[in-house]
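To start, the structure itself, in structure tokens.
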């Protein structure tokens, strides 16, 4: 689970860049993504701290009449819980301000996923067990550690969109994305270092 640092982020100073560089891709059916590579400088140092200090938990879930290990480690911060580092609070608040006109409410929760190597993954899904099943919303993901592919595909079939994310990259999935598209982080047999993602969500979206 050793992280090979980025050649483009050789600093331990944690600093968020401007969001002016966000680039939007319209996916269709009212869904879109905004992507900003390297939004968080010093993310490799934060990765090491989160990997060591967050109270990660392993979960088991029932799937097809079997109980299986969830192939990643998890942590969760409810609304009002302190986040594990002040720069994550700054990131959440900055995103709330930036998307205020479109979202109309703050990002309040933070889910954390720790992908230890290429065997860890998350299957195709949309965040629609809550309000995302019936309303347009946003999920913002800040990634650190080694890049892993985030794939998106339309629910009704069509081309897959691929975005490698790590080392301080930001992606925001908005509009109808949770209802009309699915996303996943697939397993890979290629050498893959560890990655941590932080997912900021509004109230009632999960």
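Over the Cα atoms of the stretch 21-201, what Rg and Dmax result, in angstrom?
Gyration radius and largest Cα-Cα distance of the stretch 21-201: 15.7, 46 Å.
Sorted from fewest to most neighbouring beta carbons within 10 Å, what does the list 87, 172, 97 look like? Please report the intermediate quantities before stating the final value.
On the way: 87 18, 172 25, 97 10.
By the 10 Å Cβ count, ascending: 97, 87, 172.
As a footprinting exposure proxy, order 196, 171, 141 by other Cβ within 10 Å, with the fewest listed first.
On the way: 196 27, 171 24, 141 21.
Taking fewest neighbouring Cβ atoms as first place, the list is 141, 171, 196.
Shape call for the stretch 13-56 from the C-alpha gyration tensor, a ≥ b ≥ c root eigenvalues: rounded (a/c under 1.5), prolate (a/b greater than b/c) or oblate? Before the final figure, lay out the partial values.
Numbers: a/c = 4.84, a/b = 1.85, b/c = 2.61.
Oblate.
Cα extents of the stretch 151-206 along the three principal axes, largest first, in whole Å?
The Cα atoms of the stretch 151-206 stretch 33, 29, 16 Å along the principal axes, largest first.
Quote the convex hull volume per residue of the stretch 119-198, based on C-alpha atoms, as a whole number of Å³. It would help to have the intermediate numbers written out before the result.
Working: hull volume 7.2 nm³, N = 80.
Taking the convex hull of the Cα positions in the stretch 119-198, it is 90 Å³ per residue.
Restricting to DSSP H runs of at least four residues, report the calculated mean residue ellipticity at 222 nm for the chain, -39500 (n - 2.57) per run over all residues, nearest 500 deg cm²/dmol.
-4000 deg cm²/dmol
Counting only C-alpha contacts under 8 Å and six or more residues apart, can you give the relative contact order of the chain as a whole percent? All intermediate terms of the calculation are to be shown ahead of the outcome.
On the way: 461 pairs, mean separation 58.8, N = 206.
The normalised contact order for the chain reaches 29 percent.
Given 20 °C and 1.002 mPa s, how large is the Stokes-Einstein diffusion coefficient of the stretch 92-152 in µm²/s, with Rh as the Kirkwood radius over Cα pairs? Don't skip to the end; give the middle numbers.
Details: Rh = 13.9 Å.
Roughly 154 µm²/s, to the nearest whole number.
In what order do 18, 143, 41 fall by count of nearby beta-carbon atoms within 10 Å, going from fewest to most?
Details: 18 10, 143 30, 41 21.
Going from least to most buried by this count: 18, 41, 143.
Throughout, read-outs are computed from the coordinates displayed, never taken from laboratory work. Everything numeric here is computed off the predicted structure, so don't read it as measured data. Quick reminder, even Gly has a Cβ in these numbers, built from the backbone with ideal geometry, and neighbours come from all protein chains shown.
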